[in-house]
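The values are calculated or read from the model by the stated rules, or taken from the named source; none is laboratory data. Fair warning: this is a prediction, and the values are worked out from it, not measured in the lab. Please note: Cβ atoms are built from the backbone with ideal geometry, for glycine as well, and neighbour counts cover all protein chains shown.
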Ligand code: CJB
């Protein structure tokens, strides 16, 4: 539905009046946000209803993306954009003396995820609707999102993120679609009506209540649904929960994202969450299949339904679908297994061992007795099917139940027809190292699907000026057909376009400089190099290597060696129980304090660690970045996606040949990226030979020694203890992240960046090539590949 300026103004006034009894002139920004989002809801509601009707009518296969994290950020501007209302509304608000950005700033960031994995899930939702597919999200409606990060004396402090406090304007609670999820008790199998039927003794049920969030497609008229489940006490069981405390215990199930897994109770809660949203999601899928689609043959389920397991957290979907098919629909085990494998597909997002979930058998038996029985049976049959055919060691390494644990990745792989990695190098490492034995057993299941990003958000919403320049140079079609962005290369020698690229960057940097001033009190020079590292804080991502570079620059400046002006900007949250990562934050903050307050370097170097990195903050930083830091230890970053967002906004990448950096390098060519560091074979050489001796490097390299020593020689005395932790970690024999091994090569890359910075015209040319080629990482194309190769979807008519 389209809207004129006048219609919009009238609607807005009416909503303000009926909701708050105020007029435009007297409305607060919060009231304006609420009224505006309600006007918007009216705008897409018919499309949402019609999409559902169409889905049922056409009966096309649908994908259900099961993810324990979704990180959509804010939705007001993206809904406006996708509905085609953005320009009209901006201009109408301007007429009223209002600014869309000020109003949009009132929306709480929907941070129901930690980082890349959750953001990818949200990107896929947007892309499915924007490319015409029926795709549904299935997740958890956490009461508290990812913690709010504050720095107190340079230390990270975590505060609850009460994002629902001011109401989520987009969600619709659908109580009539609630289902019950059973936990605990005991299960016996009894013969009933010729079927081994589970008889439950004890335990309890929790009511799963869906909250549907519309996912508005870009100019497609399609509005898909992201369904997030909340936990309630079933009306029939209220008597068993007489006190508020009792009730809270149940409702706590969906209170927090990622409970602390260092305690038993935290792990138990996480396991509960996983089963809760998996079971609720599958029950509602089967209800839709039988009731709405009126299908009664479960054998046809794979023609209508694809369930995607996003990382191992929803892997229990394999066992839960088996339970539903066998116990509830009385499908023979072998048939049920065929159906399940055809329905399920799985993405692996990391090779880091700690992310390979495993659950203690006893915990699982107590919490989910029937699921544990089913997993045991899947495992038993798996072992039988391979016995005598492959080496016993292979069976032991790959079976689901071993060493007292349930291996969730194994369950996902054995129970899915597709297993994919998220960048070619990552998929290659899965096939040849991490999941080698599985690859040998099921080569046909493995495939790569390189990650992508929502270009719409990172260009059209976050960087309207650059978007306009694209309109002027390549025509507006790039907004729907991103391949058109490649035409920007025709302007490679166009002095005017190159100048505009630099001017837009400068304007974006001025805006960020103001934000930095407002939030930190620190003045930064917008003409300096804005050097950006934004991602979770993790040893493998090596914020530490950036830190060493900062110290080296600082030493140079103090010693009279000149460098171009630089502002290093960090954004990163550390997991609350990850002490090393928190130490890194403290050290960076104290190094920043010393440098930012040292008048002797004349403001040539500033270090800014912005608090509370989230999607909203990313939208402010990314358009203003000159340099994109993608410096993980080669082999460790599965893909990365901030690398793609930053290139799309014209930042030049300094990178190891890791994850999707490899693909970015291929896309833009060696002249337009700064590659450094060990390659994959060199990294594995160190790992295999156990001969990485950083102390020898340190002793033989004076610059390295002076740089690293600064961590413990009193230069940054307020982080003396944490500095020591970092120092020791760098020098430890066979240090896993090879920080010092890449130090020298990283400095060389940075030197090249400085040389290039002096030639602003050629810098703009490199930026132009990066912007043009970012279209290769459009998530619309990524989901199209999933839709075709894995899910077997057809677009809605
Ligand atoms: N990733 O964000 C997470 N969380 C995990 O638990 C495991 C992996 C990230 O997923 C992104 C999306 O695939 C990748 O780009 C990134 O490299 C990976 O670390």
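Structure above, values below:
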{"item": "Breaking point among (1) more than 16 Å from the ligand (Cβ to nearest atom); (2) surrounded by 18 or more Cβ atoms within 10 Å (Cβ to Cβ), for residue 381", "result": "(2)"}
{"item": "Sole exception among (1) over 23 Å from the mean Cα position of the chain (by Cα); (2) under 28 Å from residue 740 (Cβ atoms) for residue 512, by number", "result": "(2)"}
{"item": "Residues located in region 285-302, provided they are within 15 Å of residue 325 (Cβ to Cβ) and either outside the structural domain of residue 358 (by TED's automatic domain parsing) or under 29 Å from the mean Cα position of the chain (by Cα) (or both)", "result": "285, 286, 302"}
{"item": "Residues of region 576-597 classified as buried (at least 21 other Cβ atoms within 10 Å of the Cβ) and part of a loop (DSSP other than H, G, I, E, B), total", "result": "0"}
{"item": "Condition met for residue 200 (part of a strand (DSSP E or B) and either over 25 Å from the mean Cα position of the chain (by Cα) or in contact (Cβ under 8 Å) with a residue 24 or more places away in the chain (or both))", "result": "yes"}
{"item": "Residue under evaluation residue 538, criteria (1) touching a residue at least 60 places away in the same chain (Cβ under 8 Å); (2) more than 28 Å from residue 501 (Cα to Cα), criterion not met", "result": "(1)"}
{"item": "Lone qualifier among 522, 569, 561, 504 - being modelled with pLDDT of 95 or more, buried (at least 21 other Cβ atoms within 10 Å of the Cβ) and not in a strand (DSSP E or B)", "result": "504"}
{"item": "Residue list for region 650-677, restricted to those being within 24 Å of residue 465 (Cα to Cα), in a loop (DSSP other than H, G, I, E, B) and in contact with a strand residue (DSSP E or B) (Cβ under 9 Å, 6 or more places away or on another chain)", "result": "651, 673"}
{"item": "Unique match (being at positive phi and in contact (Cβ under 8 Å) with a residue 12 or more places away in the chain) among 734, 770", "result": "734"}
{"item": "Residue match in region 663-674 (condition: within 14 Å of the ligand (Cβ to nearest atom), at pLDDT 95 or above, farther than 20 Å from residue 585 by Cβ and crowded, with 23+ Cβ neighbours inside 10 Å)", "result": "yes"}
{"item": "Within region 208-219, considering residues that are closer than 29 Å to residue 175 by Cβ and in contact with a helix residue (DSSP H, G or I) (Cβ under 8 Å, 6 or more places away or on another chain), the one surrounded by the fewest Cβ atoms within 10 Å (Cβ to Cβ)", "result": "209"}
{"item": "Criterion (modelled with pLDDT under 95 and either more than 27 Å from residue 317 (Cα to Cα) or not assigned by TED's automatic domain parsing to the domain that holds residue 613 (or both)) met by exactly one of 14, 2", "result": "2"}
{"item": "Entirely in region 220-315, the helices (runs of 4 or more DSSP H) that have 2 or more residues that are modelled with pLDDT of 95 or more and under 25 Å from residue 411 (Cα atoms)", "result": "264-287, 301-304"}
{"item": "The lone exception for residue 129 - which of (1) surrounded by fewer than 20 Cβ atoms within 10 Å (Cβ to Cβ); (2) in contact (Cβ under 8 Å) with a residue 24 or more places away in the chain it fails", "result": "(1)"}
{"item": "Count of residues meeting criterion [surrounded by fewer than 24 Cβ atoms within 10 Å (Cβ to Cβ) and more than 9 Å from the ligand (Cβ to nearest atom)] in region 104-118", "result": "6"}
{"item": "The lone exception for residue 371 - which of (1) within 16 Å of the ligand (Cβ to nearest atom); (2) surrounded by 16 or more Cβ atoms within 10 Å (Cβ to Cβ) it fails", "result": "(1)"}
{"item": "Selection status of residue 168, within 16 Å of the ligand (Cβ to nearest atom) and either on the phi > 0 side of the Ramachandran plot or under 21 Å from the mean Cα position of the chain (by Cα) (or both)", "result": "no"}
{"item": "Test result for residue 686, away from the ligand (no atom under 16 Å from the Cβ) and either modelled with pLDDT of 95 or more or more than 24 Å from residue 454 (Cα to Cα) (or both)", "result": "yes"}
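Matching residues to (1) within 16 Å of the ligand (Cβ to nearest atom); (2) buried (at least 21 other Cβ atoms within 10 Å of the Cβ); (3) assigned to a loop (DSSP other than H, G, I, E, B); (4) at pLDDT 95 or above:
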residue: 55; (1), (2), (3), (4): no, no, no, no
residue: 91; (1), (2), (3), (4): no, no, no, yes
residue: 120; (1), (2), (3), (4): yes, yes, no, yes
residue: 125; (1), (2), (3), (4): yes, yes, no, yes
